[in-house]
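Since the structure comes first, as structure tokens, the remarks are kept for the end.
The values are calculated or read from the model by the stated rules, or taken from the named source; none is laboratory data. Quantities reported herein were computed from a predicted structural model and do not represent experimental measurements. Here the Cβ positions follow ideal geometry from the backbone for every residue, glycine too, while neighbour counts run over all protein chains shown.
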Amino acid sequence: MTQAKPSSHNLFLLGFQSVVFLVFQISTLFIFAPLVLLSFPFPYKIRYSIASAWAKLIIKGLKLICNLDFNVTGAENIKDNGIIFCKHQSAWETFALQVMFPEQCWVLKRELLWIPLFGWALALVEPIAIDRSKRSQSFKQIIRQGTERLKSGRWVVIFPEGTRTAPGERRKYMVGGALLAKKSGFPVTPVAHNAGEFWRRKAFIKYPGTISVRIGPSLDSKTMSARELNKAAEEWIEGQMDELGKTAS
């Protein structure tokens, strides 16, 4: 989907709405992050429920303030927990996955935990924080901690390209998530979406519209090698991305 160039009036309105949303996002963070930190003595589920409540509030605020909504195809594919392979185009999906899927943790770069307040609260919901400069060590950590999280009943969210990509772009799918699936025996659920058309990578303005999310059937890690699993997930996700691009153009 190619966004039409807005008029100066519309651009001003979009900018104003985006400023209001940013204020909303930051102000609610300063409410919810301390609540997560104060919940430190309590069980994990309580800490997670507070953190995910903020994510759900952000998605509602995005709809109310910026008129940006989403729809989901394939929600029936959300069954027992497993590993989510999700296209990564913007910050949107980091919030929205918490609306669509049950209790989850994320594989992320450890530098995020160093952000004052936000990172400290993030650490309390037990993400898998890796050092991306140490690839072999990161894979071992993903397998070890990911298996622990999966056995506890959580979903594990992985962005297999490792970083955000602009619409129409793709990067090599890293094998860490597929190795986790193979070693743990849990399935992979692929997710495609076009959030990057509305909440663009490294861009401030949020465009109104409806983000399309597609959730695919689970891929059985017990019947494929890690390489085959990674390839199957990539082919499904990128195929859906191509279809979403054609539908929106």
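Give me a count of the residues in the range 65-91 that are part of a helix (DSSP H, G or I) and either under 26 Å from residue 109 (Cβ atoms) or touching a helix residue (DSSP H, G or I) at 6+ places or on another chain (Cβ under 9 Å) (or both). Residues meeting the conditions: 3. Can you find a residue in the range 107-124 that is closer than 21 Å to residue 186 by Cα and crowded, with 18+ Cβ neighbours inside 10 Å? Yes, there is a match, as at least one residue in the range 107-124 is closer than 21 Å to residue 186 by Cα and crowded, with 18+ Cβ neighbours inside 10 Å.
Within the range 212-228, can one find any residue that is assigned to a strand (DSSP E or B) and of a type in the set (D, E, K, R)? Yes, the range 212-228 has at least one match. In the condition set (1) within 16 Å of the chain's Cα centre (by Cα); (2) at pLDDT 95 or above; (3) surrounded by fewer than 23 Cβ atoms within 10 Å (Cβ to Cβ), residue 193 is compliant with all but (3).
So, residue 99, is that one surrounded by 14 or more Cβ atoms within 10 Å (Cβ to Cβ) and assigned to a strand (DSSP E or B) or not? Here the answer is no, as residue 99 does not meet what is asked.
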